[in-house]
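Worksheet for the structure shown next.
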Amino acid sequence: MSSLSYAVTAFLAATQFFALAEAVQLSQPNSSSNPWRIWDDEAGGSDTFAEYYPVGNGRIGIMLSGNPSTESIRINENSFWSGSFLSRVNPDGLSTVREMQEAISDGRYKEAEELGLQGYTGTPLSTRHYDKMGNLQLVQILPGGETANYERWLGVDDGVAGAYFSSGNVTYQREYLASYPDDIVAIHLTANQPGSINLRVRLDRGSDLNRYQGYSEPANGHSTVMGGQSPDANPLQWAAGARIASSGGKVTTLGDTVRCENADEATVYFQSWTSYRKSDPKEAVISDLSAVSKSFDEIRAAHVADYQEYAGRMSLNLGDSTSSQRSLKTSTRMNNTTPDNFDPELASLFFQLGRYLFIASSRPESGDNDLSLPPNLQGIWNDDYSPMWGSKYTVNINLQMNYWSSLVTGLSDLRTPLNNLLKTMNGRGAVVAADMYNCSGTVTHHNTDIWGDSAPQDNYTPGTFWPMGATWMITHVIEHYRFTGDKDMLADMFPTLKAVAQFALNFLTEHKGYMVTNPSSSPENTFLVPGGSGGESAAVSPGPTIDNELLWEIFSFIPEAQDVLGIEDEAFAKRVSNMREKLPPLRLNQYGGIAEWMEDFEEANPGNGHMSHLVPLYPLHHITSANQTLFKAAITSLEHRLENGGGPCGWPRVWTIALAGRMFLPDIAHSRLATQMGECSWGRSMLNMGGTAPFQIDGSLGVPAAMIESLLQSHENVLPLADNSTALQAAYTGDKGKLPLIRLLPSLPKTWSANGGGSAKGLRARSGFVVDLSWDSDGTLTAASLTSEAGNSAYVTLGKTPVGGANNGTAIQNSGDGASGVFIHLDGDKGSVHTITLA
């Protein structure tokens, strides 16, 4: 399109934006009266994650401070990575793997690691990293004098952020949103007096260095665009642009700055693309900005309706906060939160913030060519040109936790970005499996990037030598199917699932009578080398528990999947079933906990944040209360970690909340939640502090799933001992005829009921059930409603009565068929609703 055509399009669009000027009535937002707002009476400063509010539409993310006069809005686009695909398989990888296997089998762990640091690691060491795109500089010229009546907010009920303030005799308001329906960021500025909007907008990537910027220039008299490309042989091209559209006044450009003078109201639009999706990102940005024809009100209405379609699927009420708590701004309430000073409405907001961030960072794309991407370590809100851990996809807990909440909170249809990445990893990992291990199938180590780079990452011995990243990630597909019964999804992902299993079948080697992974490690944990001197530690070992359990789950599920999909491959089903029987079983260590390694090593760091040996309890379900020996051992392991400082701020603490809920330890679950809020989150933004990094999104996204473990569980499977019997035995993946057991209020903390009771609506359970439940101030169930969306059957119980023991729990009844007992069978007619009360 020519420049003249752009100008004509812009003029015609501008005439549709606004009606004739009238004084806009603006009133104080009074955010303290809205329990679903994070709010503050001061603008954010320079500490982005601690003080800024995140807004996103899945692809584009911004962070805003709401500064009245000079605001530096952080801008990101989720395909803006540091370059194109790197082929990094070490040329000596295959021979080194063989040498490492022999050394590890002989107990020469340090020797194996030294070999690996040269011959196993990727060349170069790192994948591509996620990059910060830059800043949108918004300068608003105000009448003068100090600003007053300041308030800013982020609404998790409507997905809109805002700022309100007065300057001179004029009151101003801004609203910020990232629209998924219109695929654009819009920032709307209004004032209560006509002609009062004066602002400047420009884009930059910092003021000190040229960070691969090829241009920064005006466009069409109302926009500015900057862009460039990555410094490699096959560069990633990128562009970002901003436009001002106004009612009244005048919009012009000067240099690469867009100016708006004496407008009644104005909207700043932001757009960005890279060559990951567009062959000419610059042209796409300019075209999109010029083509905007809707009014802000129309864009806002479509955005809110789209957002609420997802956000409104479930609700959580943990009781009533006091009037004094409600009157305080968010940061004060967060800082006041302790296990003994609970703020129930704030905790519900904290829960919904996790869902808000997920909706804002994981959205499928329309059309046949879906290139959507999952949130990385910082989601889509990176604020560092050299981010901690490269803001990549870390797949030994972090990306996993990003998606834990999606199934239990009704957002399963937003998981396509994750599956896209898994399929990309499958292709890249097949090359790594062949070249590095001489194996079929696919493999990924503990990190990957936008291109699915599956070679080993870093030269960090506790993390680098772990080849089970794809193996853990593919269990998300299994869980997705269990919750939704989505056969189309399962069929789409089955080739990747099978490839993961194929790699393991080729890779496992014999060790002490078992088939094990080697080389491997228990992610980011180390042990004291037996017979070593001076506290010498190592990470590599054969067959760590996490590997055995992940493979047990996958080998068990493959035959189930083949049956569901009508795949006739008995030979492959038999191979995986036979190999499952050769895996090392779960066992207890020297302290009565779940063993993390095949040997009883002493941990070098007993307070390690990773709970890898407890993966079979959460997020998997091989350990349940039906086997009290293993269940109690798992509790011992959690207590051991916590006693030694484990579960620090961020994702480790969130994991402990989930584990405690599943272990029926409500006091620990509550305490860890309260400290995650009061000690481990930024008070002004409520975002996860991230431990070493200023922010990691996993610790925010994982919170809803972790909290729900205390309210609802459906991971256990059971088989009746006789037809229509309520006498049950435990069942596991691979057992035919099993049904899920839904537990209501298995581990409800007293504090979550003490302030007037509580309720949860729209929770999801496996086998396709939607669950609403409520409880009184004593924590007693008042009613539960279970709706079958998939037409499957299940069992339901109240509390923590173990399967296979005496049925001495609390009896419940189904008002529909009159059935009663500790365990009740629910017939799975599609659409049927089962109302459960105390018997």
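Has the range 134-156 got at least one residue that is closer than 30 Å to Y276 by Cα, modelled with pLDDT of 95 or more, surrounded by fewer than 20 Cβ atoms within 10 Å (Cβ to Cβ) and hydrophobic (A, V, I, L, M, F, W, C)?
Checked the range 134-156: no residue is closer than 30 Å to Y276 by Cα, modelled with pLDDT of 95 or more, surrounded by fewer than 20 Cβ atoms within 10 Å (Cβ to Cβ) and hydrophobic (A, V, I, L, M, F, W, C).
Pull up the range 808-839, narrow it to residues that are in a loop (DSSP other than H, G, I, E, B) and in contact (Cβ under 8 Å) with a residue 40 or more places away in the chain, then point me to the one that is surrounded by the fewest Cβ atoms within 10 Å (Cβ to Cβ).
Looking only at the range 808-839, we keep the residues that are in a loop (DSSP other than H, G, I, E, B), and these are 808-811, 815-819, 822, 827-832, 839.
Pick out the ones that are also in contact (Cβ under 8 Å) with a residue 40 or more places away in the chain and you get 822, 828-832.
Details: V822: 18, G828: 18, D829: 11, K830: 11, G831: 9, S832: 16.
Within the range 808-839, the match that is surrounded by the fewest Cβ atoms within 10 Å (Cβ to Cβ) is G831.
So which residues in the range 368-385 are in contact (Cβ under 8 Å) with a residue 24 or more places away in the chain and among the charged types (D, E, K, R)?
We begin by selecting, within the range 368-385, every residue in contact (Cβ under 8 Å) with a residue 24 or more places away in the chain; these are 370-385.
Within the range 368-385, D370, D383, D384 meet the criteria.
So Y732 passes all but one of these: (1) in contact with a strand residue (DSSP E or B) (Cβ under 9 Å, 6 or more places away or on another chain); (2) within 30 Å of A674 (Cα to Cα); (3) of a type in the set (S, T, Y). Which condition number does it fail?
Unmet for Y732, out of (1) in contact with a strand residue (DSSP E or B) (Cβ under 9 Å, 6 or more places away or on another chain); (2) within 30 Å of A674 (Cα to Cα); (3) of a type in the set (S, T, Y): (2).
How about the range 269-309: which of its residues are buried (at least 21 other Cβ atoms within 10 Å of the Cβ) and touching a helix residue (DSSP H, G or I) at 6+ places or on another chain (Cβ under 9 Å)?
Y269, F270, Q271, S272, W273, T274, I286, L289, S290, V292, F296, Y307
If I ask for residues that are touching a residue at least 40 places away in the same chain (Cβ under 8 Å) and farther than 24 Å from V516 by Cβ, which ones from the range 563-587 would you list?
V564, L565, I567
Filtering the range 34-74 down to residues that are at pLDDT 95 or above and of a type in the set (S, T, Y), which residue is farthest from W273 (Cα to Cα)?
Ranking the candidates gives S69 first.
One line per residue, one yes/no per condition, for (1) more than 30 Å from A754 (Cα to Cα); (2) at pLDDT 95 or above; (3) over 31 Å from the mean Cα position of the chain (by Cα):
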{"residue": "G255", "(1), (2), (3)": "yes, yes, yes"}
{"residue": "C260", "(1), (2), (3)": "yes, yes, yes"}
{"residue": "A266", "(1), (2), (3)": "yes, yes, yes"}
{"residue": "D297", "(1), (2), (3)": "yes, yes, no"}
{"residue": "A311", "(1), (2), (3)": "no, yes, no"}
{"residue": "S315", "(1), (2), (3)": "no, yes, no"}
{"residue": "L318", "(1), (2), (3)": "no, yes, no"}
{"residue": "T330", "(1), (2), (3)": "no, yes, no"}
{"residue": "N335", "(1), (2), (3)": "no, yes, no"}
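Please identify the pairs in which a residue from the range 401-423 that is in contact (Cβ under 8 Å) with a residue 12 or more places away in the chain and under 20 Å from T787 (Cα atoms) has its Cβ atom under 7 Å from the Cβ atom of a residue that is polar (S, T, N, Q) and surrounded by 23 or more Cβ atoms within 10 Å (Cβ to Cβ), counting only partners at least 6 apart or on another chain.
From the range 401-423, the pairs are S412/S406.
Any residue in the range 429-448 that is touching a Ser or Thr at 6+ places or on another chain (Cβ under 7 Å), at pLDDT 95 or above, among the charged types (D, E, K, R) and more than 30 Å from L739 (Cα to Cα)?
no
Restricting the search to the range 727-747, which residues are basic (K, R) and either under 27 Å from the mean Cα position of the chain (by Cα) or within 17 Å of G821 (Cα to Cα) (or both)?
R743
Of the conditions (1) part of a loop (DSSP other than H, G, I, E, B); (2) β-branched (V, I, T); (3) surrounded by fewer than 23 Cβ atoms within 10 Å (Cβ to Cβ), T624 clears all except one; give me its number.
For T624, the failing item is (3).
Only one of A284, A245, A301, A266 is among the aliphatic types (A, V, I, L, M), free of Cβ contacts under 8 Å to residues at least 12 places away in the same chain and outside any loop (DSSP other than H, G, I, E, B); which? Outline the logic, then answer.
Numbers: A284 fails: free of Cβ contacts under 8 Å to residues at least 12 places away in the same chain; A245 fails: free of Cβ contacts under 8 Å to residues at least 12 places away in the same chain; A266 fails: free of Cβ contacts under 8 Å to residues at least 12 places away in the same chain.
One residue alone meets the criteria, A301.
Hey, could you check the range 725-741 for residues that are touching a helix residue (DSSP H, G or I) at 6+ places or on another chain (Cβ under 9 Å) and not in a strand (DSSP E or B) and say which is surrounded by the most Cβ atoms within 10 Å (Cβ to Cβ)?
So the first thing to find is which residues in the range 725-741 are touching a helix residue (DSSP H, G or I) at 6+ places or on another chain (Cβ under 9 Å), and the list is 732-736, 740.
Filter again for not in a strand (DSSP E or B), leaving 732-736.
Details: Y732: 16, T733: 21, G734: 18, D735: 14, K736: 9.
So the residue we want is T733.
Identify all residues within the range 333-365 that are in a helix (DSSP H, G or I) and more than 19 Å from I708 (Cβ to Cβ); write none if there are none.
Our first condition is that a residue be in a helix (DSSP H, G or I); within the range 333-365, this holds for 333-336, 344-361.
Selection gives R333, M334, N335, N336, A360, S361.
Residues N396, N382, N376: which one is within 28 Å of K278 (Cα to Cα), more than 13 Å from the chain's Cα centre (by Cα) and either surrounded by 24 or more Cβ atoms within 10 Å (Cβ to Cβ) or assigned by TED's automatic domain parsing to the domain that holds G463 (or both)? Explain how you work it out, then say what you get.
Details: N396 fails: within 28 Å of K278 (Cα to Cα); N376 fails: more than 13 Å from the chain's Cα centre (by Cα).
Result of the check over N396, N382, N376: N382.
Counting only residues that are in contact with a Cys (Cβ under 9 Å, 6 or more places away or on another chain) and hydrophobic (A, V, I, L, M, F, W, C), which one in the range 246-268 is surrounded by the fewest Cβ atoms within 10 Å (Cβ to Cβ)? Before the answer, list the steps.
Residues of the range 246-268 in contact with a Cys (Cβ under 9 Å, 6 or more places away or on another chain): 246, 249-252, 266, 268.
Of the ones still in play, those that are also hydrophobic (A, V, I, L, M, F, W, C) are 251, 266, 268.
On the way: V251: 21, A266: 27, V268: 23.
This residue is V251.
Which condition number does L528 fail, the rest of (1) touching a strand residue (DSSP E or B) at 6+ places or on another chain (Cβ under 7 Å); (2) surrounded by 24 or more Cβ atoms within 10 Å (Cβ to Cβ) being met?
Every condition holds for L528 apart from (2).
Do you know which of the residues in the range 171-200 that are within 14 Å of I299 (Cβ to Cβ) and among the hydroxyl-bearing types (S, T, Y) is farthest from the chain's Cα centre (by Cα)?
Per the stated criteria, the residue is Y176.
Find the residue count for the range 565-592, including only residues that are aromatic (F, W, Y) and under 17 Å from F503 (Cβ atoms). Don't jump to the end; show me each part of the working.
Residues of the range 565-592 aromatic (F, W, Y): 572, 591.
Remaining after also requiring under 17 Å from F503 (Cβ atoms): 572.
Counting residues in the range 565-592 that are aromatic (F, W, Y) and under 17 Å from F503 (Cβ atoms) gives 1.
Pairs, please: C-beta under 8 Å, at least 6 apart or cross-chain, first residue closer than 23 Å to L414 by Cβ and in the range 45-62, second hydroxyl-bearing (S, T, Y) and outside any loop (DSSP other than H, G, I, E, B)?
Y53/Y176; V55/Y176; G56/S361; N57/S179; G58/S361; I60/S272; G61/S361; I62/Y176
Taking only the range 750-781 into account, find how many residues are assigned to a strand (DSSP E or B) and not acidic (D, E).
To start, the set of residues in the range 750-781 that are assigned to a strand (DSSP E or B) comprises 758-765, 769-775, 781.
Of the ones still in play, those that are also not acidic (D, E) are 758-765, 769-771, 773-775, 781.
Residues in the range 750-781 being assigned to a strand (DSSP E or B) and not acidic (D, E): 15 in total.
Just checking, does the range 134-150 include any residue being farther than 30 Å from T70 by Cα, acidic (D, E) and assigned to a loop (DSSP other than H, G, I, E, B)? Spell out the reasoning first.
Of the range 134-150, the ones farther than 30 Å from T70 by Cα are none.
Scanning the range 134-150, I find no residue that is farther than 30 Å from T70 by Cα, acidic (D, E) and assigned to a loop (DSSP other than H, G, I, E, B), so the answer is no.
Counting only residues that are of a type in the set (S, T, Y) and within 17 Å of I824 (Cβ to Cβ), how many does the range 711-753 have? Walk me through it before giving the result.
From the range 711-753, those of a type in the set (S, T, Y) are 714, 725-726, 732-733, 747, 751, 753; that's our starting set.
If we keep only those that are within 17 Å of I824 (Cβ to Cβ) too, we end up with 714, 725-726.
So the count comes out to 3.
The values are calculated or read from the model by the stated rules, or taken from the named source; none is laboratory data. Here the structure is a predicted model, which is why all the values come from computation and not from measurement. FYI the Cβ positions are ideal-geometry reconstructions off the backbone, even for glycines, and counts take in every protein chain you see.
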